[in-house]
Each structure stands twice: as structure tokens, then as C-alpha cells.
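**Student:** Got a structure here, written out as C-alpha cells. Questions coming.
Readers should treat all values here as calculations from the given coordinates under stated rules, not as data from a laboratory. Being a predicted model, the structure only gives us computed values, none of them experimental. So basically every Cβ, Gly included, is an ideal-geometry build from the backbone, and we count neighbours across all protein chains shown.
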Amino acid sequence: MTTTRIAMWSCPRTVSTALLRSFSERPDTVGVDEPLYAHYLATSGKQHPMLEDVLASQSQDWSKVVERVLLAPVERPIQFVKHMAHHLEGGVDSSFALAPNMVNFFLIRDPREMLPSLFQDIGPLEQFDTGFGRQLELYRRLKEEGRCAAVVDSTELLTNPEGMLRSICDAAGIEFDPCMLQWEPGSHPCYGAWEPAWYAKVLTSTGFRAPESKTEPFPAELEVLREWATEIYQEMRADQLHAS
């Protein structure tokens, strides 16, 4: 059986977990949650919540993750992997993204909306915390190779979930399944060991929620980072998917 492998390269605060939950509702799909997270924590020295639990839950060797998870046999026709793009830090060779049956997408959000939320949760930010740099690097590489590098704007996904999910499925060469639009609240086997620390909102969800408008002033200390990230965001939106 040939497996369609969908790699969703996400920035933080882009409803990536809800999208993972959506695909995991499909009976033909195996969902994988941030398989390079332990590698990232081990190599970056970041002190995230539940650090020891995360390190114990996955291999910290990225090459083993590629061999044993990302390119390993799968018992269902589709594998959907939620990646955080900044987890490519620490020397990961992203060549596995060029595997013949790998379809890559990029989940982005306007930095003006994303950065304040991320800043509120983890404090002072560096460029690599946002994932934009690694997204752009892989995006350009895929474009040079003539591979799919479709971009999904998370705000459009929340505004029109069915239309955007149909477009993602079309780009991946799979049929849309209406079951992707709704799910039971609570935990799911696809979620990583860090679920208690990060997934409070998605655990109470039953589907995609409408986007919320930001009303707070943009933090002045993030302005330089916003300008850098916005250039990348605008470049990648050239390949943005639109709702079917």
C-alpha cells in the first residue's frame, strides 16, 4: 500500500493542533503530533513545560524520527504530520520532505496576530521561535525542486473550514471527508505527551472556531521582529490556497 504523507509545516499559534485533530478524525488517516519536538528541546536548551515528559516520549535523534516515523510503513492510506517548523533547528536535514509520496504544506498566520500571542506565552522572542525562517527555507527548496509548497493561512481556515479543507485535500490528492469538520471534545490518541501543558483550548473544541479579532495595541518590543516576519509571510502567501 502506498501511503500519502501530508507534512504540515506550521508556525506557532496557527490552529495546527485543531487541524491535526481534524485529519485524525478520518478513518483512513494516522495523525502524528510534532515528532521532532524532543530533538528540538534537546538541542536548543529551551525550558518548555513538561520538558522531561517530552524528552522521554520521543527519540531525541532526528534521523531516527525520520526513519522510524516519517518514512516508516503506516497501517493506513494517509499519514498527517503536524510539524512545528522551528523544530528543524539543531541540524535537521529536511531532505525527507522530498520523498516521492510526501506532500508539504505551510500553515501561516499574519505576524501582527501571531506574535503577541506567542510572546504572552513564552516571553521574549527570537527569530527562530517563530518558525518563519525555517518555513521559508523549506518553502524555497521545495519550489526549486518543483514540488508542492502550498500555503494555508490559518485565518482563512477558521473563516471557511470546509472550503479550506477541501482545497487542502485536493492539493494532497485525497478525497475530502465531512467528518473532518467536527469531533468530540477531550483528548485524542494522536496528541503528544505535552497535551496537558498546551492544548487547553483544543480539548474543549468540537470543530474549528471563528477567528477572533485582536484589539490590544501591538507590543512595541516586537516591531522589529514583526517587520522581518511580515516579509516572509508576504512572500509565502504567493502560493496561498483559497477555499474551494
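**Student:** Using the Karplus curve 6.51 cos²θ - 1.76 cosθ + 1.60 with θ = phi - 60°, what ³J(HN,Hα) values do you get for each residue of segment 3-20, in whole Hz, with x for Gly and Pro?
**Tutor:** 9, 7, 9, 9, 10, 9, 8, 10, 8, x, 6, 10, 6, 5, 6, 4, 5, 4
**Student:** Report the one residue of 77, 206, 185 whose Cα lies farthest in the direction of the positive end of the charge dipole of segment 4-239 (charges on C-beta: Lys and Arg +1, Asp and Glu -1; origin at the Cα centre).
**Tutor:** 77
**Student:** Tell me which of 45, 118, 101 sits at the most positive position along the dipole axis of the chain, charges placed on C-beta atoms (Lys, Arg +1; Asp, Glu -1).
**Tutor:** Ranked along the dipole, the leading option is 101.
**Student:** If we count GluC sites (Glu not before Pro) as exposed when they sit in a DSSP loop and have at most 16 other beta carbons within 10 Å, what is the longest stretch of the chain that avoids them all?
**Tutor:** Details: sites that count: 75, 126, 145, 175, 212.
It works out to 1-74.
**Student:** Determine the dipole magnitude for segment 4-239: charges of +1 sit on the beta-carbon of Lys and Arg, -1 on that of Asp and Glu, nothing else is charged, the reference point is the Cα centre, and the result goes in debye to the nearest 20. Can you show the working numbers first?
**Tutor:** Working: 22 positive and 35 negative charges, 58 e Å.
Once rounded to the nearest 20, the dipole reads 280 debye.
**Student:** Rank the residues 152, 15, 74, 224 as a footprinting-exposure proxy: fewest other Cβ atoms within 10 Å of their Cβ go first.
**Tutor:** Values: 152 27, 15 24, 74 17, 224 10.
With the sparsest Cβ surroundings first, the list reads 224, 74, 15, 152.
**Student:** Listing 194, 183 from the residue with the fewest other Cβ atoms within 10 Å to the one with the most, what is the order?
**Tutor:** On the way: 194 20, 183 17.
Least to most surrounded, the residues fall as 183, 194.
**Student:** By count of other Cβ within 10 Å, fewest leading, how are 190, 11 ordered? Spell out each step's value before the answer.
**Tutor:** Values: 190 19, 11 27.
The fewest-first ordering by Cβ neighbours comes to 190, 11.
**Student:** Now for a different question. For every helix of n ≥ 4 consecutive DSSP H residues, a contribution of -39,500 (n - 2.57) applies; sum these over the chain, divide by its total residues, and give [θ] at 222 nm rounded to the nearest 500 deg cm²/dmol.
**Tutor:** Details: 12 runs with 97 residues, N = 244.
Value at 222 nm, helices only, nearest 500: -10500 deg cm²/dmol.
**Student:** Can you tell me the FRET efficiency between residue 147 and residue 56 if r is taken as the Cβ-Cβ distance and R0 is 45 Å, rounded to the nearest 0.05?
**Tutor:** Working: r = 34 Å, r/R0 = 0.76.
That gives a FRET efficiency of 0.85.
**Student:** Given Cα pairs under 8 Å that are at least 6 residues apart, what percent is the relative contact order of segment 96-156? Please list the in-between numbers first.
**Tutor:** Working: 38 pairs, mean separation 34.4, N = 61.
With pairs under 8 Å counted, the relative contact order is 56 percent.
**Student:** Moving on to the next point. Based on alpha-carbon atoms only, what is the radius of gyration of segment 1-124 relative to the globular estimate 2.2 N^0.38 Å? Please list the in-between numbers first.
**Tutor:** On the way: Rg = 14.7 Å, N = 124, 2.2 N^0.38 = 13.7 Å.
Compared with the compact-globule rule of thumb, segment 1-124 sits at 1.07.
**Student:** Let me ask something else about it. Could you work out the local net charge near residue 128, counting Lys and Arg as +1, Asp and Glu as -1, over the other residues with Cβ closer than 12 Å to its Cβ?
**Tutor:** Values: positive: 46, 134; negative: 89, 126, 129, 137.
Within the 12 Å Cβ shell, the charges total -2.
**Student:** Moving to a separate point now. Can you work out the PRE-style zone for residue 63? Point 7 Å along Cα to Cβ, and I want the residues of segment 69-95 with backbone N under 11 Å.
**Tutor:** Answer for segment 69-95: 93.
**Student:** Hey, how many Å between the Cα centroid of segment 173-244 and the Cα centroid of segment 2-71?
**Tutor:** Between the Cα centres of segment 173-244 and segment 2-71 lies a distance of 15 Å.
**Student:** Next question. Want the number for residue 126 to residue 76: 0.36 nm per residue separation, take away the alpha-carbon distance, what's left? Let's see the in-between values first.
**Tutor:** On the way: separation 50, 0.36 × 50 = 18.00 nm, distance 3.83 nm.
Taking residue 126 through residue 76 to full extension adds about 14.2 nm, to one decimal.
**Student:** Can you give me the distance in nm between label points at residue 200 and residue 238, each placed 7 Å from the Cα along the Cα-to-Cβ direction?
**Tutor:** If labels sit at residue 200 and residue 238, their model points lie 4.1 nm apart.
**Student:** Grab the chain and count how many Lys pairs have their alpha-carbon atoms under 22 Å apart, sequence gap of 8 or more, or different chains.
**Tutor:** Details: 46/64; 46/82; 64/82; 82/143; 82/201; 201/214.
Close lysine pairs under the 22 Å cut-off: 6.
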